[in-house]
Amino acid sequence: MSGTSGTNGTSGTYLGMPAFPKAAHEAVGNTTLRANLRHATHTIRDKRARAVAELDDWSALREAGKQIKDHTLRHLDHYLVQLEESVTAAGGTVHWAADADEANRIVTRLVRETGESEVVKVKSMATQEIGLNEALEEAGIRAYETDLAELIVQLGEDRPSHILVPAIHRNRGEIRDIFEREMGRWGRPAPDGLTDSPRELAEAARLHLREKFLRAKVGVCGANFMVAETGTLVVVESEGNGRMCLTLPETLISVVGIEKLVPTWRDLEVFLQTLPRSSTAERMNPYTSTWTGTTDTDGPRAFHLVLLDNGRTDTLADEVGRQALRCIRCSACLNVCPVYERAGGHAYGSVYPGPIGAILSPQLRGTASEIDASLPYASSLCGACYEVCPVAIDIPEVLVHLRERVVQGGEVTRRGVKVTLKPAKGHAAERAAMRAAGLAFARPGALRAGQRLASRTRRFHPRTLPGPGRAWTATRDLPKVPAEPFRDWWQRTGGGKDSGKGGK
């Protein structure tokens, strides 16, 4: 990601981003964007469905992944210490970063100590989250993205809009124009007469990146998984750029969120089946790279692991919200989400777009900003995201939980300290409505009287709501009140036994 993209390295929030409804409204008006997203998401999710259907035990694998992740999160303190001991014993060095600023300082210092002024990077959401590229640029260090989609984003001075395919919002013609215009400024220029053929675009990227792979002395990466018992890190990818960055440089620096742990090597068996099928719709990843510390004869001579918190232990303290930390970044939830398909990833104001971003970002960053307070509402609660999640994260449940936090405020954990949030502005009517509903549901007599009154006056009910409610009914029908309340029907028909005798 380019340093000009305007990311706040501390919070991971894109500077100047409006609330989700406004950003989404602008995105929906972009017909090219919507066409790109519709084609890409439908293609990926259809392929994924076929790949998943090949496994008779998919539901068992899904439950196993959930159980492994939940067990690890419950004992995270133990497994993190075990990981540090294992990495150190294998010749690596472990660094602990409480937040984005500390992680950026650590990585910047490690690069400076090598005497180098450029690094090659494997696609890493953790480094995007903390704004590492921007921090390195401020220190005079150039970071080169080597994943094809990340390269497109970087050359176009753009922002990623998808977890798996960061440049999903670009079509082939736009990519060709970016390569022709920008490659020469970053290194080897695009070949003359470049077309929008996928093969030619991939070849242009390969030639452009080859010189960087062979020249770079420092590599920076994330990890899909870390194995506590052996100190092994795992990166899965489809292009081979990761293998180049992980083996050719003399120094390798990995920045990884603390939730990416699994206890044992055997646990990988589950995720190496579910992750590729849920992300790229493949039976296995073309490149699965694993490394444990350093050796004298192969790979980097120095390995540094930066363990990143940046709000993760605060999220862990939330009994409902902590399930977001199970996420293995497969992006399946994005590809089935009707909101993401129409709004795109940029509207979420985070490197984590889509349904998972709507529950992860407000927990990692808090809900103080306008964009973060709006993200729990960036969903229709249709449940499609939960159905496809390979680790069974109940995203709708967490969305509703976070909506309550935004509207009502309450106790949360921030930097390990319990604080009380004030209700967010702009939700007074919602709080009043929920308070009134709570009072009514707590008084059966009042509820029954209100239901009967609503049924008897149904002829006079408007088809649209007035005032602030007008926005809701502008795109959906106002539900019709039944002619008879359910309680009355139940009593009159004896619990439905006589429903054939004039029951409604």
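Scanning for something in contact with a strand residue (DSSP E or B) (Cβ under 7 Å, 6 or more places away or on another chain), touching a residue at least 40 places away in the same chain (Cβ under 8 Å), part of a helix (DSSP H, G or I) and crowded, with 17+ Cβ neighbours inside 10 Å, does region 214-231 turn up at least one residue?
no
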Consider only pairs whose beta carbons are under 8 Å apart and that are at least six residues apart or on different chains; among these, list those whose first residue lies in region 294-320 and is free of Cβ contacts under 8 Å to residues at least 24 places away in the same chain and whose second residue is of a type in the set (S, T, N, Q) and in a loop (DSSP other than H, G, I, E, B). none
Pairs needed: first member in region 397-419, in contact (Cβ under 8 Å) with a residue 60 or more places away in the chain and open to solvent by 20 Å² or more (accessible area, probe 1.4 Å); second member anywhere, among the small types (Gly, Ala, Ser) and assigned to a helix (DSSP H, G or I); C-beta distance under 7 Å; at least 6 residues apart or different chains. His401/Gly321
Of the conditions (1) surrounded by 22 or more Cβ atoms within 10 Å (Cβ to Cβ); (2) more than 23 Å from Val270 (Cα to Cα); (3) of a type outside the set (A, V, I, L, M), Arg206 fails just one. Which one is it? (1)
Looking at the structure I just gave you, is Ser278 assigned to a helix (DSSP H, G or I) and over 30 Å from Asp177 (Cβ atoms)? yes
Out of Leu381, Leu364, Leu334, Leu360, which single residue is open to solvent by 10 Å² or more (accessible area, probe 1.4 Å), of a type in the set (A, V, I, L, M, F, W, C) and within 12 Å of the chain's Cα centre (by Cα)? Leu364
Residue check for Val412: at pLDDT below 95, touching a Lys or Arg at 6+ places or on another chain (Cβ under 8 Å) and within 23 Å of Met17 (Cα to Cα): no
Given (1) open to solvent by less than 10 Å² (accessible area, probe 1.4 Å); (2) at pLDDT below 95, number of the condition Phe303 does not satisfy: (2)
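Just to confirm my filter: which helices (runs of 4 or more DSSP H) fall fully inside region 9-120 and include at least 1 residues that are surrounded by fewer than 20 Cβ atoms within 10 Å (Cβ to Cβ) and among the polar types (S, T, N, Q)?
Answer list for region 9-120: 31-53, 58-74, 76-89, 100-114.
The values are calculated or read from the model by the stated rules, or taken from the named source; none is laboratory data. Note that the structure is a prediction, hence the values are computed from the model and not measured. A quick note on method: Cβ atoms are made from the backbone with ideal geometry, for glycine too, and the neighbour counts reach across all protein chains shown. What goes into the accessible areas is simple: the full protein's heavy atoms, side chains included, and nothing from ligands, DNA or RNA. Shrake-Rupley method; radii C 1.70, N 1.55, O 1.52, S 1.80 Å.
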